[in-house]
Amino acid sequence: MAQSAMKIKMIDMQDIQLVGFRVLCPGDQYINEIPVAAYRLENHTHEIKHLVNPRTQIGVFIAGECTDEEDGYWICKEVSKFEGIPEGMVTLTVPPRRYAVYHYQGVNSHIRKAYEDLHNWIDERNFSRLTGTWCLEIYHDWKDKGRLSVELLDPIK
């Protein structure tokens with residue numbers, strides 16, 4: 001845990017506007033459907049206006065109880081404003097929030113362990129996880145499942 005704790009920090013983020021695809025499927029299918037949507041998004045990035053960082057993909061989900069409208073996983077690009085949303089894509093605005101952030105680099109199959117380390121860090125510092133609000137996964141490098149670079153953002157108070 002000590003090594004992981006050195007990679008974890010707290011940040012306050014302003015609202016973030018996202019354009020992309022919503023993935024909604026049975027729970028055991030997300031592992032297959034999210035990469036399909038990520039490649040689809042990458043192939044249509046040029047259609048999205050007002051991109052903040054074209055190379056970064058952002059995954060968004062609610063870890064706890066949520067409404068039918070909030071259910072699923074969004075794979076998106078950040079935009080500075082919504083305009084001319086490409087057909088078949090959706091928009092989502094994530095409100096301002098404080099997050100615990102773990103910058104994970106490694107194999108896809110170890111992300112669960114990274115989340116465990118992040119949750120332990122939160123507990124050890126007497127923060128509370130806000131499981132009914134948006135969690136973010138900011139992917140800097142995602143194409144090689146053996147060498148991911150992703151920031152895991154867990155909402156806290």
Within the stretch 32-47, does at least one residue satisfy the condition of being surrounded by fewer than 17 Cβ atoms within 10 Å (Cβ to Cβ), aliphatic (A, V, I, L, M) and in contact with an Asp or Glu (Cβ under 9 Å, 6 or more places away or on another chain)? no
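Here's the yes/no breakdown for (1) at negative phi; (2) within 15 Å of the chain's Cα centre (by Cα); (3) touching a residue at least 40 places away in the same chain (Cβ under 8 Å):
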| site | (1), (2), (3) |
| --- | --- |
| ASP15 | yes, yes, yes |
| PHE21 | yes, yes, yes |
| GLN29 | yes, no, no |
| HIS44 | yes, no, yes |
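ALA37 - would you say it is more than 14 Å from GLY20 (Cα to Cα), within 14 Å of the chain's Cα centre (by Cα) and among the aliphatic types (A, V, I, L, M)? Talk me through it step by step, then tell me what you get.
Numbers: more than 14 Å from GLY20 (Cα to Cα): no; within 14 Å of the chain's Cα centre (by Cα): yes; among the aliphatic types (A, V, I, L, M): yes.
It is false that ALA37 is more than 14 Å from GLY20 (Cα to Cα), within 14 Å of the chain's Cα centre (by Cα) and among the aliphatic types (A, V, I, L, M).
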Within the stretch 14-62, tally of residues that are of a type outside the set (Asp, Glu) and touching a Pro at 6+ places or on another chain (Cβ under 7 Å): 4
Yes or no: ILE34 hydrophobic (A, V, I, L, M, F, W, C), in contact with a strand residue (DSSP E or B) (Cβ under 7 Å, 6 or more places away or on another chain), at pLDDT below 95 and farther than 26 Å from PHE127 by Cβ? yes
Checking GLY88 against (1) on the phi < 0 side of the Ramachandran plot; (2) outside any helix (DSSP H, G or I); (3) touching a residue at least 60 places away in the same chain (Cβ under 8 Å), which single condition isn't satisfied? (1)
Considering residues that are of a type outside the set (D, E, K, R) and in contact with a Gly (Cβ under 9 Å, 6 or more places away or on another chain), the number found within the stretch 36-49 is 5
If you check ASP123, ASP68, ASP117, ASP144, which single one turns out to be of a type in the set (Asp, Glu) and touching a residue at least 60 places away in the same chain (Cβ under 8 Å)? ASP117
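Which count do you get for residues in the stretch 1-25 that are over 19 Å from PRO155 (Cα atoms) and either at pLDDT 95 or above or touching a strand residue (DSSP E or B) at 6+ places or on another chain (Cβ under 9 Å) (or both)?
7
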Specify the residue that is farthest from GLN17 (Cα to Cα); the eligible residues are those in the stretch 61-92 that are under 15 Å from the mean Cα position of the chain (by Cα) and surrounded by fewer than 15 Cβ atoms within 10 Å (Cβ to Cβ). GLY64
Within the stretch 132-157, considering residues that are surrounded by fewer than 16 Cβ atoms within 10 Å (Cβ to Cβ) and more than 14 Å from the chain's Cα centre (by Cα), the one nearest to ILE62 (Cα to Cα): GLY132
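The values are calculated or read from the model by the stated rules, or taken from the named source; none is laboratory data. All of these numbers come straight from a predicted model, not from anything done at the bench. Don't worry about glycine lacking a Cβ; one is built from the backbone with ideal geometry, like all the others, and counts go over all protein chains shown.
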